[in-house]
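The values are calculated or read from the model by the stated rules, or taken from the named source; none is laboratory data. None of the values given here were measured: they were computed from a predicted structure. Cβ coordinates were reconstructed from backbone atoms using ideal geometry, including for glycine residues, and neighbour counts include every protein chain displayed. Accessible surface areas use protein heavy atoms only, side chains included; no ligands, DNA or RNA. Shrake-Rupley method; radii C 1.70, N 1.55, O 1.52, S 1.80 Å.
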Amino acid sequence: MNALAPSIPTSAASASSALLRTLVLCDLVDSTALVQRLGDRRGAELLRRHDRVARALLPVHGGREIDKTDGFLLMFDRPVQAVGFALAYLRALRELNLQEGSALAVRVGIHVGDIVSWDNSPEDISKGAKPVEVEGLVKPITSRLMQLALPNQILLSGVAHALAHRAQGELGAQLEQVRWRTHGRYRFKGVPDPIAVFEVGEEGIAPLKAPPWSGKAHREVPFWRRPATLAVEAVALFMLLALPAWYLLKPEPAIAFAQRDWVVVGDLANLTGETAFDDSLATAFRIGLEQSRHVNVLSALKTRETVKRMQRDPDSTGIDRAIGSEIAIRDGARALILPTVAEIGGRVRITAEVVDPHTQTTVYSESADGVGESSVLPSLDQVNQKLRLRLGEALATVSKESLPLEKVTTGNLDALRAYTLAEDAYGVRKYRDALALHRQALEIDGDFALARIGLARTLLAIDNRAGALAELRTAARQRDRLTSRDQLYVDAWEASLGRTPRAALEKWKLLSTLYPDFPTGAALHAYFGWLYANRYDDEIVRIAEHAAAPPNARVAATELLLGMLHLGNERYAEAERHFAAARSAGFAWHLDYLLVDAARRDFARVDATLAQVQSTGAPGADAERDFAEAAIAFDRGDWASARRMFDRALRTVSVAGTPRAREFAGMVLSLRTLVAAPGEPTPDLRARVTSLATELGSVTEADRPAVAAQLLFAAWLAARAGDAALARDEAGRVATLFPAAEYPVLGRLATVVRAEAARVDGSPGEAVRMIEPTLDGSEPWLAHVALMEAHAAAGNAQAALARAQWLATHRGRAYAEFSTSVMIPYNVAQSTLALLRTAELQHALGQDPDAALRAFETAWPGANADPTFAARISALRTKP
């Protein structure tokens with residue numbers, strides 16, 4: 001909307017001129033619905049007849065057509081001509097409707113003012129330009145009047161009305177039917193000053209009543225007639241009469257709200273017409289309420305999942321009073337809160353109703369208002385604080401633990417809206433959209449720390465650990481823009497990616513302790529306890545079970561973790577139950593059931609599961625499936641098939657360039673040290689160690705612990721092959737770079753490698769003394785292999801037999817130990833080799849080895865074809 005006409009080059013148009021003219025804008029009401037109802041051909045014919053009727057009236061009243069869309073933009077010399085045309089146009093439209101049996105209706109706006117017009121050149125017209133262009137402030141004001149009008153209503157500005165009414169005698173014979181109405185002064189969006197609005201029309205055709213208010217226009221009302229003033233007077237009278245009675249008869253609160261009870265937040269009802277409020281304010285309201293440790297807010301993602309369980313589409317189902325109450329009852333929430341934003345008397349009011357979900361009645365409400373968009377977030381703060389007090393939180397706590405929303409989110413509603421849409425996209429795993437929207441929010445407000453956390457979380461979801469770490473560190477520097485809980489959350493993630501596992505574990509423990517009802521904190525406390533400390537104990541299981549309670553929006557991932565923890569404890573039925581729960585909650589991982597069945601050696605079910613796994617088309621994901629299939633083929637003794645699968649999978653990851661290519665290569669190498677193909681060269685373990693040692697100094701900070709684990713595993717293999725010095729050197733190097741106190745898994749694995757090197761060097765007793773103190777349930781699986789061989793080398797066959805039997809019966813742990821995932825296929829193979837070692841140790845102790853030997857030959861039926869295994873089996877057939 002430009003008040004000044006643009007400068008037009010004379011080469012493109014004739015010279016422009018400033019003139020006082022009257023503009024008329026006519027717009028057909030619901031023309032699209034009309035065409036849809038009548039069909040394209042019939043609708044087009046009716047619209048053509050309408051256009052001919054309108055154009056026939058133009059020369060009669062001295063008008064000129066400027067533009068045409070669903071209606072017309074017309075120009076007249078005088079306002080009375082415009083009024084005469086509009087009245088005649090509505091009469092002609094009524095006749096057309098009678099002839100055609102149609103219901104065409106039109107809105108008309110008329111305004112007078114200075115315009116700048118010019119004639120376009122023939123060249124521009126040939127390219128699609130209009131013959132005449134018109135610009136000026138009169139044009140958008142005419143459009144606002146037209147938009148305000150009711151169907152078949154003609155609205156005029158004060159200037160147009162004054163000039164036309166003065167010359168109304170020129171309307172001729174129809175003057176008797178013409179009626180003039182004044183509707184007061186209206187404020188239009190984008191127009192600085194109020195405009196007097198008038199109506200002209202004929203009885204029986206025009207509505208002759210004030211048009212309704214809208215988000216783009218509202219009527220100015222004298223102070224004493226404003227609804228807010230009348231409401232204040234009514235409230236004052238009511239309070240005078242009712243307050244004494246209320247104090248005498250006041251009931252007990254309808255909702256007995258206790259500390260840490262849950263609430264559901266419904267959709268924000270936006271009654272202002274301002275679309276910028278639609279998404280942004282709902283998010284801000286939720287964030288403000290989540291600052292409380294007294295009130296727990298059911299997350300938007302959990303709400304969405306519950307709507308799914310109600311067999312409704314979460315994308316189209318609004319969380320209103322009825323739906324929100326059902327969600328609250330299903331998830332055990334104590335109350336439903338329904339926020340509203342409305343424009344009342346020129347002020348923006350925020351209201352929040354607290355609803356009893358069992359009766360769907362409003363128990364109480366709180367509100368706050370202010371002037372303009374800038375008042376909205378402070379009003380939300382006021383409402384949230386009032387609600388927290390009403391729900392029983394202490395005033396001192398509310399004051400101490402509450403930061404203004406503008407500080408913990410952003411003062412820019414566009415940035416807040418982009419963040420809201422990003423979180424919605426993340427919740428349904430549309431990570432590309434989430435990345436773009438989080439970045440858009442940060443472009444608008446670079447200090448929006450919460451959006452930076454969201455960006456980091458999304459980068460993690462696509463395995464960009466380095467990018468996530470950079471964003472988290474920036475968010476940590478903006479910690480004054482975060483709530484206390486979010487500060488701890490950032491610290492914990494930053495420690496998980498960029499610091500030591502011990503620091504990360506302490507941060508997650510602190511977060512889950514201070515905020516016990518924050519499911520994400522408890523879930524990640526359990527997850528990193530498993531991944532960074534190799535824990536499977538009852539305490540870590542209890543933490544994970546607490547995190548999987550119903551309010552957890554991401555219960556699927558936590559159920560998967562519980563499945564892995566139970567698998568690691570050989571509780572296979574429990575593992576299956578939790579894996580099934582994870583799938584029901586939407587976590588489709590094809591390896592879950594497969595791991596349980598493989599650990600139990602139920603390979604018929606493994607085959608059935610693999611047959612159902614389809615290619616994803618993503619090389620990285622397909623390679624992971626291929627490696628799992630190859631490792632299981634090796635586990636069941638089908639070594640030839642395993643080699644072919646490994647070779648194919650390695651080619652896939654090499655083409656895909658997946659970060660796990662290095663890890664997959666290490667898995668294949670480790671299995672070749674156990675069973676070599678005929679004519680296959682001995683694996684070059686020294687080259688593998690040297691390569692990993694070099695990479696350790698060049699990879700990103702976030703990837704260094706994973707490379708260190710692979711280096712230690714290669715050093716273990718070197719020790720098993722007799723190169724104790726190389727193993728000892730590399731284990732010492734890793735132990736120096738990654739102290740055991742800070743890196744529990746790497747520290748214990750380095751101890752295992754040094755112990756194996758000691759055994760190979762002829763000091764098995766030293767190896768036993770190094771390993772036994774570490775056996776607390778979180779030791780690496782490989783520790784039991786080293787301890788078994790150390791006991792055997794020290795001549796303690798009975799102790800070695802106990803370790804062998806442990807290895808043979810703890811296949812679940814071998815499959816579940818993802819803290820050093822490069823070792824999983826090797827560990828699983830060792831669980832089968834433990835059967836052979838059991839038979840050998842029983843044979844040495846004078847016991848019958850037949851049962852253990854038969855179990856080994858059943859597990860690996862092709863073992864007799866391997867010369868090394870054949871010799872060992874043959875030795876067991878002779879008596880000791």
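Observations on the structure shown:
- Test result for A245, at pLDDT below 80 and either closer than 20 Å to G427 by Cα or outside any loop (DSSP other than H, G, I, E, B) (or both): yes
- Filter pass, S126 being among the small types (G, A, S) and farther than 30 Å from H218 by Cα: yes
- The range 107-126: number of residues that are more than 22 Å from I195 (Cα to Cα) and assigned to a strand (DSSP E or B): 4
- When the residues of the range 743-770 are filtered to those that are open to solvent by less than 20 Å² (accessible area, probe 1.4 Å) and under 45 Å from the mean Cα position of the chain (by Cα), the one that is nearest to R733 (Cα to Cα) is A750.
- Residue in the range 791-812 that is within 19 Å of W716 (Cα to Cα), within 37 Å of the chain's Cα centre (by Cα) and assigned to a helix (DSSP H, G or I) present: no
- Candidates in the range 512-526 are the residues that are over 21 Å from the mean Cα position of the chain (by Cα) and among the aliphatic types (A, V, I, L, M); of these, the one that is modelled with the lowest pLDDT is L514.
- Every residue from the range 482-495 that is small (G, A, S) and more than 23 Å from A549 (Cβ to Cβ): A495
- Those residues of the range 587-625 which are open to solvent by less than 60 Å² (accessible area, probe 1.4 Å) and modelled with pLDDT of 75 or more, in sequence order: L594, L595, V596, D597, A598, A599, D602, F603, V606, A608, T609, L610
- Of the set (1) loosely packed, with under 15 Cβ neighbours inside 10 Å; (2) in a loop (DSSP other than H, G, I, E, B), all apply to A322 but (2).
- A129 meets the conditions (1) in a loop (DSSP other than H, G, I, E, B); (2) under 14 Å from L25 (Cα atoms) in every case but one. The failed one is (2).
- Annotation: of all residues in the range 39-61 being aliphatic (A, V, I, L, M) and in contact (Cβ under 8 Å) with a residue 40 or more places away in the chain, the one that is surrounded by the fewest Cβ atoms within 10 Å (Cβ to Cβ) is V53.
- Every pair of residues 6+ apart whose Cβ atoms lie under 7 Å, when the first sits in the range 570-586 and is free of Cβ contacts under 8 Å to residues at least 40 places away in the same chain and farther than 18 Å from A523 by Cβ while the second is open to solvent by 30 Å² or more (accessible area, probe 1.4 Å) and in a helix (DSSP H, G or I): E576/Y593
- Residue match in the range 279-293 (condition: assigned to a helix (DSSP H, G or I), under 23 Å from Y419 (Cβ atoms) and open to solvent by 50 Å² or more (accessible area, probe 1.4 Å)): yes
- Per-region count, the range 731-742, residues outside any helix (DSSP H, G or I) and open to solvent by less than 30 Å² (accessible area, probe 1.4 Å): 1
- Pairs where the first residue, in the range 160-172, is open to solvent by 50 Å² or more (accessible area, probe 1.4 Å) and the second is of a type in the set (F, W, Y), C-beta under 7 Å, 6+ apart: H165/W180
- Screening R21 against (1) at pLDDT 85 or above; (2) under 49 Å from the mean Cα position of the chain (by Cα); (3) within 30 Å of G190 (Cα to Cα) leaves a single unmet condition, (2).
- Residue match in the range 568-575 (condition: at pLDDT 80 or above, open to solvent by less than 50 Å² (accessible area, probe 1.4 Å), over 27 Å from the mean Cα position of the chain (by Cα) and of a type in the set (D, E)): yes
- Among the residues of the range 527-552, the ones that are out of contact with any Pro (no Cβ under 8 Å at 6 or more places or on another chain) and either modelled with pLDDT of 90 or more or closer than 21 Å to E494 by Cβ (or both) come to 15 in all.
- Note on the range 458-480: among residues that are out of contact with any helix residue (DSSP H, G or I) (no Cβ under 7 Å at 6 or more places or on another chain) and part of a helix (DSSP H, G or I), the one that is nearest to R417 (Cα to Cα) is D480.
- Of residues in the range 470-500 being surrounded by 21 or more Cβ atoms within 10 Å (Cβ to Cβ) and in contact with an Asp or Glu (Cβ under 7 Å, 6 or more places away or on another chain), the one nearest to E701 (Cα to Cα): L472
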